[in-house]
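Student: Below you'll find the structure I mean.
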Amino acid sequence: MNEVLQVKHLTKSYEKDEPVLKDINFNLQKGEVVVIVGPSGCGKSTFLRCLNLLEPIDEGSIVLGGETIGRKDKNVHQHRQKIGMVFQSYELFPHLSIINNILLAPVKVQKRDRKEAEREALALLERVGLSDKKDAFPRQLSGGQKQRVAIVRALIMNPEVLLLDEITAALDPEMVREVLQVVLKLAQEGMTMAIVTHEMEFAKAVADRVMFMDQGVIVEENTAKEFFAYPKTERAKQFLNTFHYEALEI
Amino acid sequence: MQDLGIQVLFQGRNFIRLWEGLWVTLRIAVISMAFSVLLGFFLGMVMTMHNRAVRCITRLYLETVRILPQLVLLFLVYFGAAKHLGINMSGETAAIIVFTFWGTAEMGDLVRGALIATPRHQYESAGGLGMNTLQTYFYVIIPQTIRRLLPPAVNLLTRMIKTTSLVVLIGVVEVVKVGKQIIDASRYQTPTAALWIYGVIFIMYFIVCYPFSRLSLWLEKKYEI
């Protein structure tokens with residue numbers, strides 16, 4: 001098995017005795033797309049933040065490409081380069097043009113040649129349909145466009161795994177599609193991804209595997225097809241039902 | 001008919017002397033501002049720390065500076081240093097010390113505000129891209145902070161230029177003092193000179209401060225985030 005990411009017995013709490021994540025075990029194979037769903041506050045975003053070493057963990061371990069990684073490691077910055085992350089609020093750097101947003105990390109952190117990196121950046125922008133925006137500033141772009149740039153900014157680092165944290169939650173419905181199409185394309189090309197989303201139709205389309213979380217634990221884990229068609233646990237059924245309005249009786 | 005008061009301005013070196021006076025004003029303001037920016041940046045970063053003692057001390061400093069009139073500070077430094085420490089500094093040096101003391105506090109508060117206004121996610125996405133703390137500050141946080149800071153900092157500079165008129169009271173001959181000297185010297189020949197000279201000083205202040213205030217507006221628009 002070609003495991004990119006392994007999480008063993010991860011436990012995390014913000015306040016004492018109130019764990020937000022309890023004994024999470026999680027594997028991600030190369031080229032696999034796992035979608036994490038669950039009600040708000042179930043710990044799914046915190047989980048992604050732990051994977052990217054943004055949050056310290058209390059117990060357990062995170063293994064990336066065979067190497068155990070942690071926030072306190074000396075080479076934490078190298079680890080992070082291998083784990084791309086895109087946030088709900090895009091967080092482009094407002095003082096830099098689009099192309100400079102994308103090139104900042106490859107040129108300043110990875111010390112790549114600017115010309116060569118710029119060629120790759122332009123090719124990536126082309127793929128997300130934004131090559132005409134390279135000299136624009138973030139404030140001139142729509143939410144969907146900004147989010148596509150944020151994805152490009154993460155991709156150019158050549159991460160081994162990409163974490164997407166509710167990347168369409170702040171977008172207008174029409175823009176959701178243009179962003180998710182980019183993600184679908186990435187999935188087809190074999191990008192390894194862990195995605196937190198509330199878009200169930202999208203989850204169905206993109207996921208190899210679905211992980212359903214509630215109150216800090218993984219309640220159910222299955223292939224996307226199985227999970228959406230035949231949820232096993234009562235909690236998962238309940239959760240999926242909230243997306244079907246016709247099921248409501250008034 | 002009596003002479004027009006404005007004539008006084010063109011007697012001897014009067015007009016040039018006024019500009020020289022303004023130069024003293026500007027020199028004090030600009031040098032103090034330069035120190036204030038440097039020290040204020042440092043202070044602002046310290047002020048964002050979560051340490052209670054540090055917060056308490058910096059808060060106290062800021063409030064003290066804001067409550068005390070600049071004039072009191074000037075007297076304290078100029079006469080206090082001479083009387084109690086036996087240091088005889090020039091009025092200009094005392095003025096620069098006081099204005100730096102004041103400017104650092106104001107600037108520090110501005111820097112603190114600008115740093116806090118930068119969303120946490122900015123730090124996180126920089127970190128997520130593999131930048132270390134130094135790189136994050138240098139490439140992401142500080143450039144944004146500077147953009148937020150420029151308009152209020154320019155504003156502070158114009159305030160400082162105007163407040164320098166107080167240094168007259170510790171014997172520095174700046175533009176207002178020069179004006180007063182000219183008026184006093186021509187009191188008997190041209191009693192109306194006062195109005196004219198102060199009018200000219202008004203215009204001179206305007207000429208210096210107006211571009212700064214325009215600059216501040218322009219920067220605000222240009223760097224709108």
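The values are calculated or read from the model by the stated rules, or taken from the named source; none is laboratory data. Being a predicted model, the structure only gives us computed values, none of them experimental. In this analysis, Cβ positions are derived from the backbone assuming ideal geometry, glycine residues included, and neighbour counts consider all displayed protein chains. Accessible surface is based on the protein model in full, side chains and every heavy atom, while ligands, DNA and RNA are left aside. Shrake-Rupley method; radii C 1.70, N 1.55, O 1.52, S 1.80 Å.
Student: Based on the inverse mean of 1/r over its pairs of different Cα atoms, what is the Kirkwood hydrodynamic radius of segment B:6-223, in Å? Please list the in-between numbers first.
Tutor: Numbers: mean 1/r = 0.0510 Å⁻¹.
It works out to 19.6 Å.
Student: With charges only on Cβ, +1 for K and R and -1 for D and E, what is the dipole size of segment A:3-242 about its Cα centre, in debye, rounded to 20? Write out the running numbers ahead of the final one.
Tutor: Details: 33 positive and 34 negative charges, 144 e Å.
Charge dipole, segment A:3-242, about its Cα centre: 700 debye, nearest 20.
Student: Mind jotting down the three principal axis lengths of segment A:81-145 based on Cα atoms? Whole angstrom, largest first.
Tutor: For segment A:81-145, the Cα extents along the three principal axes come out at 30, 24, 22 Å.
Student: For the protein assembly as shown, give the share of DSSP beta bridges that are antiparallel, in percent and rounded to the nearest 5; count only bridges with both residues there.
Tutor: Rounded to the nearest five, the antiparallel share is 60 percent.
Student: May I have the convex hull volume per residue, in Å³, for the Cα set of the protein assembly as shown?
Tutor: Taking only Cα atoms, the protein assembly as shown has a hull volume of 240 Å³ per residue.
Student: Any idea of A:ARG112's accessible area? Nearest 10 Å², probe 1.4 Å.
Tutor: 50
Student: Then there's this: R0 = 41 Å: FRET efficiency of B:ARG17 with B:TRP218, Cβ-based, nearest 0.05?
Tutor: E between B:ARG17 and B:TRP218, to the nearest 0.05, is 0.80.
Student: Follow-up question, since we're still on this one. First measure r as the distance between the Cβ atoms of A:ASP58 and A:ALA136, then evaluate 1/(1 + (r/R0)^6) with R0 = 41 Å and state the FRET efficiency to the nearest 0.05.
Tutor: 0.45
Student: Let me ask something else. Once you average over the residues of A:51-64, how many Cβ atoms of partner chains fall within 10 Å of each Cβ? Before the final figure, lay out the partial values.
Tutor: Values: counts 0, 3, 2, 5, 0, 0, 0, 0, 0, 0, 0, 0, 0, 0.
For this peptide, the per-residue mean of nearby foreign Cβ atoms is 1.
Student: Let me ask you something else. With springs only between Cα atoms under 10 Å, which of A:PRO94, A:PRO39, A:PRO19 fluctuates most in a Gaussian network model of chain A?
Tutor: Judging by the Gaussian network model, the answer is A:PRO94.
Student: Roughly how big is the protein assembly as shown's charge dipole about its Cα centre, with Cβ charges of +1 (Lys, Arg) and -1 (Asp, Glu), in debye to the nearest 20?
Tutor: Here the size comes out at about 1900 debye.
Student: On a 0 to 90 degree scale, rounded to 10, what angle separates helix B:52-67 from the longest Cα axis of chain B?
Tutor: It works out to around 20 degrees.
Student: Could you tell me which of B:LEU169, B:THR145, B:GLN189 has its Cα farthest along the dipole of segment B:144-190 towards the positive end, charges placed at Cβ (Lys, Arg +1; Asp, Glu -1), taken about the Cα centre?
Tutor: Most positive-ward Cα: B:THR145.
Student: With a 1.4 Å probe and every protein chain kept in, tell me what percent of the accessible surface of segment B:71-152 is carbon plus sulfur.
Tutor: Details: 2390 of 3530 Å².
Of the solvent-accessible surface of segment B:71-152, carbon and sulfur hold 68 percent.
Student: Total accessible area buried between chains B and A, 1.4 Å probe, in Å² to the nearest 100?
Tutor: Looking at B and A, the buried total is near 2000 Å².
Student: Roughly how tilted is helix B:142-163, in degrees to the nearest 10 and between 0 and 90, from the longest Cα axis of chain B?
Tutor: For helix B:142-163, the angle is close to 20 degrees.
Student: Same structure again: Working from the alpha-carbon coordinates of segment A:3-242, get Rg over Rh, Rh being the Kirkwood radius. Don't jump to the answer; show the numbers that get you there.
Tutor: Numbers: Rg = 17.8 Å, Rh = 18.5 Å.
Using Cα coordinates only, the ratio equals 0.97.
Student: Counting only protein heavy atoms and using a 1.4 Å probe, what share of the accessible area of chain A belongs to carbon plus sulfur, as a whole percent?
Tutor: 47
Student: At a probe size of 1.4 Å, how large is the accessible area of B:LEU85, to the nearest 10 Å²?
Tutor: Probe radius 1.4 Å; accessible area of B:LEU85 about 130 Å².
Student: If I ignore ligands, DNA and RNA and count only protein heavy atoms, how much of B:GLU92 is accessible to a 1.4 Å probe, in Å² to the nearest 10?
Tutor: Its accessible surface works out to 50 Å², give or take rounding.
Student: Which one of A:ALA121, A:VAL176, A:LEU54 is farthest out on the positive end of the charge dipole of segment A:3-242, using unit charges on Cβ (Lys, Arg +1; Asp, Glu -1) and the Cα centre as origin?
Tutor: A:ALA121
Student: Take A:LYS30 and B:TYR198, extend 7 Å from each Cα along the Cα→Cβ direction, and tell me the distance between the two endpoints in nm.
Tutor: Here the answer is 8.4 nm between the modelled labels.
Student: Additional query: How many Å² of accessible area per residue for segment B:13-117, probe 1.4 Å?
Tutor: Here the per-residue accessible area is 54 Å².
Student: Can you give the average number of partner chain beta-carbon atoms within 10 Å of each beta-carbon in peptide A:87-96, as a whole number?
Tutor: 6
Student: Something else: When chain B is modelled as a GNM with alpha-carbon springs shorter than 10 Å, which of B:VAL111, B:VAL72, B:VAL37 fluctuates the most?
Tutor: Of the options given, B:VAL72 has the highest mean-square fluctuation.
Student: Just going by the charge dipole of segment A:3-242, with Lys and Arg at +1 and Asp and Glu at -1 on Cβ, which of A:GLN78, A:ASN100, A:LEU163 is farthest out on the positive end?
Tutor: Towards the positive end, the residue furthest out is A:ASN100.
Student: Which value, to two decimals, describes the C-alpha radius of gyration of segment A:51-120 once divided by 2.2 N^0.38 Å? If you can, show how the numbers build up before the last one.
Tutor: Working: Rg = 14.6 Å, N = 70, 2.2 N^0.38 = 11.1 Å.
That ratio works out to 1.32.
Student: Identify all lysines with a Cα-Cα distance to A:LYS72 below 25 Å; exclude those on the same chain that are fewer than 8 residues away in sequence.
Tutor: The qualifying lysines are A:LYS8, A:LYS12, A:LYS16, A:LYS22, A:LYS44, A:LYS82, A:LYS108, A:LYS111.
Student: Counting only DSSP beta bridges with both residues in chain A, tell me the antiparallel percent, nearest 5.
Tutor: Numbers: 22 of 38 bridges.
Among the beta bridges of chain A, antiparallel pairing accounts for roughly 60 percent.
Student: Still on this structure, I have one more. Taking B:LYS221 as the anchor, which lysines have their alpha carbon closer than 27 Å to its alpha carbon, excluding any fewer than eight residues away along the same chain?
Tutor: Cross-link targets: A:LYS133, A:LYS134, A:LYS146, B:LYS162.
Student: Against the longest alpha carbon principal axis of chain B, how many degrees, from 0 to 90 and to the nearest 10, is the axis of helix B:70-84 turned?
Tutor: Once rounded, the angle reads 80 degrees.
Student: Now a separate question. Could you report chain A's accessible area per residue, 1.4 Å probe, as an integer in Å²?
Tutor: On the way: 11920 Å² over 250 residues.
That works out to 48 Å² per residue.
Student: In addition: How about segment A:151-250: which chymotrypsin sites (Phe, Trp or Tyr not before Pro) there are in a DSSP loop, with at most 14 other Cβ atoms within 10 Å of their Cβ? Don't skip to the answer; put the middle values down first.
Tutor: Details: sites: A:PHE202, A:PHE212, A:PHE227, A:PHE228, A:PHE239, A:PHE243, A:TYR245; in loops: A:PHE243.
Taking segment A:151-250 and a limit of 14 other Cβ atoms within 10 Å, the loop chymotrypsin sites (Phe, Trp or Tyr not before Pro) found are A:PHE243.
Student: What is the average number of partner chain Cβ atoms found within 10 Å of a Cβ in A:74-81?
Tutor: 3
Student: Just to confirm my numbers, what's the Cα centroid distance between segment B:137-216 and segment A:1-77 in Å?
Tutor: The distance from the Cα centre of segment B:137-216 to that of segment A:1-77 comes to 59 Å.
Student: I need the calculated FRET efficiency for the pair B:CYS56 and A:LYS108, taking r as the beta carbon distance and R₀ as 41 Å, to the nearest 0.05.
Tutor: Details: r = 37 Å, r/R0 = 0.91.
After rounding to 0.05, the efficiency reads 0.65.
Student: On to the next question. Give, as a single signed number, the net charge of other residues whose beta carbon lies under 13 Å from the beta carbon of B:LEU43, with Lys and Arg counted +1 and Asp and Glu -1.
Tutor: With Lys, Arg at +1 and Asp, Glu at -1, the net is +1.
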